[in-house]
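Q: Questions regarding the structure given below will be posed in turn.
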Amino acid sequence: MSWGDIGAGALRAGLALALWGLGAAAYAGWKRDARALASARAVAIGAFLLVLVADLAMVGALLSHDFSLVYVAENNARATPAFYSAISLWAALAGSILLWTLILAGAVAYVAIRGTRSLPRLATIALAVLFAMLSFFLVLVTTAAADPFTRIAADGIPGDGTGPNPLLQNHPLMALHPPLLYLGYVLTSVPFAYAIAALILGETNDRWLTETRKAALASWALLGVGIVAGAWWSYAVLGWGGYWAWDPVENAAIMPWLTATAYLHSVMVEEKRRLLRTWNIALVIATFALTILGTFLTRSGVVNSVHSFTQSAIGPLLLGYFVAILVLGAGLLLYRIGDLADRGSIGAPLSRESIFLFQNVLFVAATLTVLLGTLYPLIAEALSGAQLSIGAPYFDRVEVPIGLALLFLMGLGPQLPWHGASRATLERQFTAPVIAAAGGALVAILAGMIGVAPVLTYALAAFVMATVAQEFARGVRARRTLHAETGLAAFVALFTRNGRRYGGYVVHLGIVMVVVAIATSQSRTIELERTLAPGDAMDVAGYHVVLRGLRDVAEPQRATTVADLSITGNGATRELRPGLVQYPNSQQAIGSPGIAAGSRDDVYTILAAYDVTGKAWATIRVRVIPLVSWLWAGGAVVGFGALIAAWPPPRAKRVAVPAPVADAVGAE
Amino acid sequence: MKRVARYTAVALILGLALVLTLAFRRDPHDIKTGTVGKPAPAFTLRSLTDGTSVSLDQYKGKIVVLNFWASWCIPCKEENPALTNVWERYRGTDVVLLGVVFQDSADAARTYTTRLGNTWTSAIDGDGQVALRYGVFGPPETYFIGADGIIAGRHIGPIDESTLLTGIDTLRKAARP
């Protein structure tokens, strides 16, 4: 039995189980039938295991170079190192959808086991919704749309494959970025399924919110960290020293992250004040729909993007899926809109809930403007036939002011009490942050920042940092007074006792790091390009760069021409090896930058051109990019803060007593 | 109110589905070259460096390599050495290299040309109308205009030196039969 037989068989059996699970969960939810629910739960675990087998079979086929499978022949070669062979599972369409299906099957199994214990009927309907989604993805991977196990006729099996796309086997971050994004994308389906279940059942209470808080937070954090990992990958691989280009595929990832961020804040208004119910459900539906729209844009090949994917039958299917989600979500929301009406109003403009509302409006505005910029070429062509592209200036011009306003609200919101603030509160809360903001502006001006946006970014970053520091200082002081703890014990206790709040502040600090890194690297990068003979040197921003020589490096899977550079200056001594890499499956050599990363700045070197015949000269481009490594560190801090926020508080562990399935279903 | 919301939702979903469905009609990488073979649209713009007027008419009878670019565009930077070499080679001959900046601010574009040491003329297409008339998809894009004023070729994306030389040679041969 081959890897292909195992994988294809497991997926078909998985599809049968998913369809069974869909029927069983729907019946269990409708008739409150405990046996049907037990069956759906068992089937969920079975389906997950089968999809896991299929994914492992694909990894096995890649590692053993089983070129009888089209996917392996197109994305693997005998010379591909084992690490890149294994992660080629997500190097192309069919494998990516297979990984996606595995994560979704995991989410289904999780809801089946955990969810149906705490909120049996609601979770059972949500489970049915998730089974429907899983069935859809299993249809994709078992039909021509994205079948990863399509075979090559016995007489046509190649002796060697073409190997993965050169850009996808040039950096280990490839192992991290796509799975993180897929995890983030897929986990948005859990809050969506619960929201749909709540709408179907007409439940107007907020229990589904509490139940899905962790999934929402996890999907948001994974998406965020995945986006930063993608930016880092693009920085380290693509060789132009940038990390974001407003490419349609990047936009596809940022849009659901923006609406998910809005949701994580507005959900607090619902929890505290029972307001914004319709809005929150709309955000959950929008976030999920945007992940599917993003997948559609990425995978259907309808937009012109650097992430070029071949067209396949998957496009129309994903479009149908997207429209079905919109129709179902919007239809149910409009049907129940009367029951969801708020019984109160937001009230004072200077209250925490008002700031959350403003912030939400800005996040949605940011999403819609990115969506418009991404879809505009399609709209323009549909309406007038004109083919055009929307460049970065549109996005910068629209998104930078929105981003700065959001940064301001990020400092403002946590300092304001619910319901409204008195003048005395405002003075107490904002004296230090306003002074810090002035200090931040001064630092920016002294550092030579030019332009309103970078200076304002520094000022607002200092403002937010001061508010966070103030919150921690107050929290520690209060605990020391109330519990007689030491400063450190009180600081740690803030996270363990109220992780959600203080984890949130850590996230804010991470965002500040990201924003400062973007503002500084965008406005203060110094670049110089020189053609040097071996032994020649160039000086850039205090760094002395010497070209020692050029040499060829041969590896089984690629041939590289490397420039040996010595970098000295600003207290650092580094050897860098930027190169031009030639893969056998690509006509064009791809640049592999040499990067000396530092907390102050990165020295980013590129071998732009060289003397092919005698290696007598090389054109070296050097970019000194300040604070860019803070961007990656900021992403990690955001992820860490989210982890603190999601960590269960000590007391919650003791109350988690599962109820027997039959009783729970009957009792609902 | 509810009815308005319902109609709006239906209209938005239908509109979005229609736009996305229509997008299947073509491959986005296959960009139409509608203006090739037709007379090059005339224009009069301001020079980036000194603000003087730059029009296509003033190069009548010459071969014009019209390069659309922007300072924020990374591939534009990549193709700059090729443009520089071609400019040095044909300077003062019957071949003119003319840059058109669009989707960009004049200040950013001026900083860009100074930093890269570009000395050929670039004109600023502030409202993007010239780019639109030529059917530019996005920067960088290069048009080869013959001595007869007809657009003979178009290159989308960063151009290399040999493509530039071949394009110019073909037009020179056509001009001197």
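Since every read-out is calculated from the coordinates, none of them should be taken as a lab result. Values in this document were obtained by computation on a predicted structure and should not be read as measured data. Note: ideal-geometry Cβ built from the backbone for every residue, glycine included; neighbour counts use all protein chains shown.
Q: Which whole number of Å³ per residue matches the convex hull of the alpha-carbon atoms in segment A:369-518?
A: Per residue, the Cα convex hull of segment A:369-518 comes to 166 Å³.
Q: Please state the relative contact order of segment A:483-624 as a whole percent: Cα pairs under 8 Å, 6+ residues apart?
A: About 19 percent, as a whole number.
Q: Report the extension gain between residue A:643 and residue A:552 in nm, rounded to one decimal, defined as 0.36 nm multiplied by the number of residues separating them, less their alpha carbon distance.
A: 28.3 nm
Q: How would segment A:543-641 be classified by its alpha-carbon gyration tensor: rounded, prolate or oblate, with rounded meaning a/c under 1.5 and the a/b versus b/c comparison settling the rest? Walk me through the numbers on the way to the answer.
A: Numbers: a/c = 2.84, a/b = 1.48, b/c = 1.92.
Oblate, since a/c reaches 1.5 and b/c is not below a/b.
Q: Kyte-Doolittle cut-off 0.5, length cut-off 24 Å along the helix's own axis using Cα: show which whole DSSP H helices in chain B pass.
A: Result, helices passing both filters: B:2-22.
Q: Here is a further query. Taking each residue in B:73-80, count the Cβ atoms of any other chain within 10 Å of its Cβ, then average. What number comes out?
A: 3
Q: Can you give the alpha-carbon Rg of segment B:89-137 over 2.2 N^0.38 Å, where N counts its residues?
A: My calculation over the Cα atoms of segment B:89-137 gives 1.27.
Q: For residue A:625, what charge total do you get from the other residues with a beta carbon under 13 Å from its beta carbon, if Lys and Arg give +1 and Asp and Glu give -1? It would help to have the intermediate numbers written out before the result.
A: Numbers: positive: A:524, A:600, A:621, A:623; negative: A:527, A:601, A:602.
Counting the neighbours of residue A:625, the net charge comes to +1.
Q: In the neighborhood of residue A:570, defined by Cβ-to-Cβ distances under 12 Å, what is the net charge if each Lys or Arg adds +1 and each Asp or Glu adds -1?
A: For residues surrounding residue A:570, the net value is -1.
Q: When the Kirkwood hydrodynamic radius is evaluated over all pairs of different C-alpha atoms of segment B:1-103, what value in angstrom, to one decimal, is obtained? Can you show the working numbers first?
A: Numbers: mean 1/r = 0.0551 Å⁻¹.
Evaluated over segment B:1-103, this radius sits at 18.2 Å.
Q: Please list, by residue number, every one of the trypsin sites (Lys or Arg not before Pro) in segment A:52-157 that is coil in DSSP and has at most 16 other beta-carbon atoms within 10 Å.
A: A:78
Q: Out of the chymotrypsin sites (Phe, Trp or Tyr not before Pro) in segment A:113-177, which ones are loop residues according to DSSP with at most 12 other C-beta atoms within 10 Å?
A: none
Q: Okay, next question. Using a 10 Å cut-off on Cβ to Cβ distances, tally the other chain neighbours for every residue of A:387-395 and report the average as a whole number.
A: If you average over the peptide's residues, the count of other-chain Cβ atoms is 6.
Q: Sticking with this structure for a sec: Give the relative contact order (percent, whole number) for segment B:29-175; include only Cα pairs under 8 Å separated by 6+ residues.
A: On the way: 259 pairs, mean separation 50.4, N = 147.
That works out to 34 percent.
Q: Given the protein assembly as shown, what percent of its DSSP beta bridges are antiparallel, to the nearest 5?
A: So the antiparallel bridges amount to about 85 percent of the total.
Q: With just the Cα atoms defining each centre, how far is segment A:570-604 from segment A:101-140? Give it in Å.
A: Taking the Cα centre of segment A:101-140 as reference, the centre of segment A:570-604 is 45 Å away.
Q: In Å, what Kirkwood hydrodynamic radius results for segment A:474-552 from the alpha-carbon pair distances?
A: Hydrodynamic radius (Kirkwood, Cα pairs) of segment A:474-552 is 17.4 Å.
Q: Using only the Cα atoms of the protein assembly as shown, each taken as one equal point scatterer with no solvent, compute I(q) by the Debye sum, divide by I(0), and report log10 of the ratio at q = 0.07, 0.08 Å⁻¹.
A: Relative scattering, expressed as log10 I(q)/I(0), comes to -0.62, -0.82.
Q: For Cα pairs less than 8 Å apart in space and 6+ apart in sequence, what is the mean separation divided by the residue count of chain A, i.e. the relative contact order in percent?
A: Once normalised by length, the contact order is 12 percent.
Q: Computed FRET efficiency, Cβ-Cβ of residue A:573 and residue B:17, R0 41 Å: what is it to the nearest 0.05?
A: The computed FRET efficiency comes out at 0.10.
Q: Express in whole angstrom the spacing between the alpha-carbon centres of segment A:549-568 and segment A:412-475.
A: 48
Q: Show log10 I(q)/I(0) for segment B:29-175 at q = 0.10 Å⁻¹, two decimals, from a solvent-free Debye sum over equal Cα scatterers.
A: -0.29
Q: Provide the net charge surrounding residue A:488, with neighbours chosen by a C-beta distance below 13 Å and charges set as Lys +1, Arg +1, Asp -1, Glu -1.
A: Charge balance in the 13 Å sphere: +1.
Q: Here's something else I'd like to know. Note the full-extension length gain between residue B:172 and residue B:2 as 0.36 nm times their separation in residues minus their Cα-Cα distance, in nm to one decimal.
A: 54.4 nm
Q: Quote the FRET efficiency, to the nearest 0.05, computed for residue A:384 versus residue B:10 with a Förster distance R0 of 25 Å and r equal to the Cβ-Cβ distance.
A: Efficiency computed from Cβ-Cβ geometry: 0.55.
Q: Looking at segment B:29-175 only, what percent of DSSP beta bridges run antiparallel? Nearest 5 please.
A: 60
Q: Follow-up. With the cut-off at 27 Å, tell me which of the pairs B:38/B:60; A:615/B:62; B:60/B:173; A:31/A:214; B:38/B:173; B:38/B:77 have Cα atoms farther apart than that.
A: Cα-Cα > 27 Å for A:615/B:62; A:31/A:214; B:38/B:77; rest within.
Q: Related question: Kirkwood hydrodynamic radius of segment A:65-179 from all distinct Cα pairs, in Å?
A: 15.8
Q: Using a Förster distance of 51 angstrom, determine the FRET efficiency expected from the C-beta separation of residue A:531 and residue A:110, and round it to 0.05.
A: 0.35
Q: Identify, among A:565, A:173, A:645, the residue whose Cα sits farthest towards the positive end of the charge dipole of chain A, taking +1 on the Cβ of Lys and Arg and -1 on the Cβ of Asp and Glu, with the dipole about the Cα centre.
A: So the residue furthest toward the plus end is A:645.
Q: In segment A:334-379, which trypsin sites (Lys or Arg not before Pro) are in a loop and have at most 15 other Cβ atoms within 10 Å, using DSSP for the loop call?
A: A:343
Q: By how many nm would the segment from residue A:493 to residue A:207 lengthen if fully extended, with 0.36 nm per residue of separation less the alpha-carbon distance?
A: 100.2 nm
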